[in-house]
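A.B. asks: Just passing along the structure, written as structure tokens.
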Amino acid sequence: MKFQVINIGLIISLLINFIISLVFISLFTTDFASGIGVTVLIFACSIGVLYTPIGDWWYRRIALNLREPDELERRRIEPIYNEVYKRALAASPNLPKDIRLFIYDDDDINAFAIGLKTIAVHRGMLVNNIYDSEISAILGHEFAHIANGDTFCTILAVQSNIIVSTIRTLFSFFMIITAKIIGFGVSLAFETEQGAKNGFTIADACVRGMNWLIDKFVLILVFISVMIAQYSRRQHELAADSFTAKLGYGQSMIHFFQRYMGSCSTSNKLSLSYLLYGTHPSMQVRIANLQNSINMNAISMKS
């Protein structure tokens, strides 16, 4: 595994999430240094465990309920997997030598890499009319995600998003309770029942309004963090496609895309939905990138 420049986006996303968490946590610590210490501890414990064997076990068994290939599936895919793995190791010697293949029980024609040593193929890849050469290309693409450090950095970004979401929810709950307490305290300063009621309502509304402003400001930062992370992930896909071409499966990947492009719409790069949720470039962009990688590899082999 090696760190790619395109992973900087996910690192920036992590830093934004760390700063957001630090600001919230520092509100409940005695000083800023303590806030840093607590925040680092939370991030280290919640993210660090995912880089141990526990992380891959969690993804395989708990999060995604992956399974081992059965005998029929093994006969079909194991020779393909071993051949692609051999080429991937030759192209990237730092690639872990104990990456395991699992089946995801879903009829989609897809595959993914997750954790540090896990590749999963959707069952639909094996029951539909997908050629062996196309499966080789797709597996090469997934090995690239591990070789390039994409899955390593994705763990950082995704888990840090979960931490921020949790802290944000807890802070909002705390502010709601605080609003009630302050409102009650203010109501005690009034002698009449109506005055106490109005005082409670105003104080409660002020604290809730402050919480709303803070929450929306944090939400804007979260959106920025997600957009940066998603942009980085889209670059990961292009780099993984280039790795596939380097392994010699570029034309097979293009052929696969061309066969299934009819069901894939072209994304609007300027839409908010694409910026926040678009994990892959359009097929047209990916095919052009693959063709360019194939041409560059051909030139380098001649020189």
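A.B. asks: Working carefully through the options Ile36, Ile11, find the one that is under 30 Å from Ser242 (Cβ atoms) and either among the hydrophobic types (A, V, I, L, M, F, W, C) or in contact (Cβ under 8 Å) with a residue 60 or more places away in the chain (or both).
C.D. replies: Ile11
A.B. asks: For the range 44-67, which positions are farther than 17 Å from Thr166 by Cβ, surrounded by fewer than 15 Cβ atoms within 10 Å (Cβ to Cβ) and either touching a residue at least 24 places away in the same chain (Cβ under 8 Å) or touching a helix residue (DSSP H, G or I) at 6+ places or on another chain (Cβ under 6 Å) (or both)?
C.D. replies: Selection gives Tyr51, Asn65.
A.B. asks: Condition check: basic (Lys, Arg) and open to solvent by 80 Å² or more (accessible area, probe 1.4 Å). Does Arg168 satisfy that? Lay out the reasoning, then the answer.
C.D. replies: Values: basic (Lys, Arg): yes; open to solvent by 80 Å² or more (accessible area, probe 1.4 Å): no.
It is false that Arg168 is basic (Lys, Arg) and open to solvent by 80 Å² or more (accessible area, probe 1.4 Å).
A.B. asks: So which residues in the range 199-224 are of a type in the set (Val, Ile, Thr), under 24 Å from Ile162 (Cα atoms) and out of contact with any helix residue (DSSP H, G or I) (no Cβ under 7 Å at 6 or more places or on another chain)? Walk me through how you get there before you give the answer.
C.D. replies: Initially, the range 199-224 is screened for residues of a type in the set (Val, Ile, Thr), giving 201-202, 207, 214, 218, 220, 222, 224.
When the remaining residues are screened for being under 24 Å from Ile162 (Cα atoms), the result is 214, 218, 220, 222, 224.
Passing the criteria: Ile214, Ile220.
A.B. asks: Something else now. Condition first: surrounded by 14 or more Cβ atoms within 10 Å (Cβ to Cβ), of a type in the set (A, V, I, L, M) and within 32 Å of the chain's Cα centre (by Cα). Now tell me which residues in the range 177-223 satisfy that.
C.D. replies: Of the residues in the range 177-223, the ones surrounded by 14 or more Cβ atoms within 10 Å (Cβ to Cβ) are 178-180, 182-184, 186-187, 190, 196, 198-200, 203-204, 206-208, 211, 214-215, 218, 221-222.
In the following step, the residues that additionally are of a type in the set (A, V, I, L, M) were identified as 179, 182, 186, 196, 203, 207, 214, 218, 221-222.
Ile214, Val218, Leu221, Val222, listed by residue number.
A.B. asks: In the list Glu83, Glu73, which residue meets the criterion of being charged (D, E, K, R), surrounded by fewer than 18 Cβ atoms within 10 Å (Cβ to Cβ), part of a helix (DSSP H, G or I) and touching a residue at least 24 places away in the same chain (Cβ under 8 Å)?
C.D. replies: Values: Glu73 fails: surrounded by fewer than 18 Cβ atoms within 10 Å (Cβ to Cβ).
The match here is Glu83.
A.B. asks: Can I ask one more? Please identify the pairs in which a residue from the range 140-165 that is at positive phi has its Cβ atom under 9 Å from the Cβ atom of a residue that is surrounded by fewer than 24 Cβ atoms within 10 Å (Cβ to Cβ) and in a helix (DSSP H, G or I), counting only partners at least 6 apart or on another chain.
C.D. replies: Every condition considered, the pairs that remain are Gly149/Asn7.
The values are calculated or read from the model by the stated rules, or taken from the named source; none is laboratory data. Remember, predicted model here, so these are calculated numbers, not experimental data. Quick reminder, even Gly has a Cβ in these numbers, built from the backbone with ideal geometry, and neighbours come from all protein chains shown. For accessibility, only protein heavy atoms count, side chains too; no ligands or nucleic acids. Shrake-Rupley method; radii C 1.70, N 1.55, O 1.52, S 1.80 Å.
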